[in-house]
């Protein structure tokens, strides 16, 4: 048995409109970079040291809060695999403290992210 799918052009427009704009992800990256005394290039880069990887994970976790942001879309923005984004979210949850929560709230406000 084969399934046939039909998608109208109007349906594609709705689907396309439900993806987050790259500029929203860039705003989160810029806000986290500023708060961490790093550059956006540092957060997108391959450096694995804790001083870069922890803020990068925060940025990835915050990007997941953007309306209509998808794992693949965020992963592409960071040059990573979608499983890395999942790992980042869990790592941030494990490290959550009142100080980290307050810092993330300030970054959300600066980047215009509403959880």
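All of the numbers you see were taken from the coordinates with simple rules; none came from a lab. Quantities reported herein were computed from a predicted structural model and do not represent experimental measurements. With ideal geometry, Cβ positions are generated from the backbone for all residues, glycine too; neighbour counts draw on all protein chains shown.
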On a full-extension model of 0.36 nm per residue, what is the gain between residue 83 and residue 106, subtracting their alpha-carbon distance, rounded to one decimal in nm? 5.6 nm
Highest-first arrangement of 78-90, 94-106, where packing means the average Cβ count within 10 Å: 78-90, 94-106
Please give the contour-minus-distance gain from residue 94 to residue 76: 0.36 nm per residue of separation, less the Cα-Cα distance, rounded to one decimal in nm. 4.1 nm
Classify segment 19-111 as rounded, prolate or oblate from the Cα gyration tensor: take a ≥ b ≥ c as the square roots of its eigenvalues, call it rounded if a/c is under 1.5, otherwise prolate when a/b beats b/c and oblate if not. rounded
Order by protection proxy (mean Cβ within 10 Å, highest first), peptides 63-76, 44-57: 63-76, 44-57
Residue 68 and residue 114 label points (each 7 Å along its Cα→Cβ direction) are spaced in nm at 1.5 nm
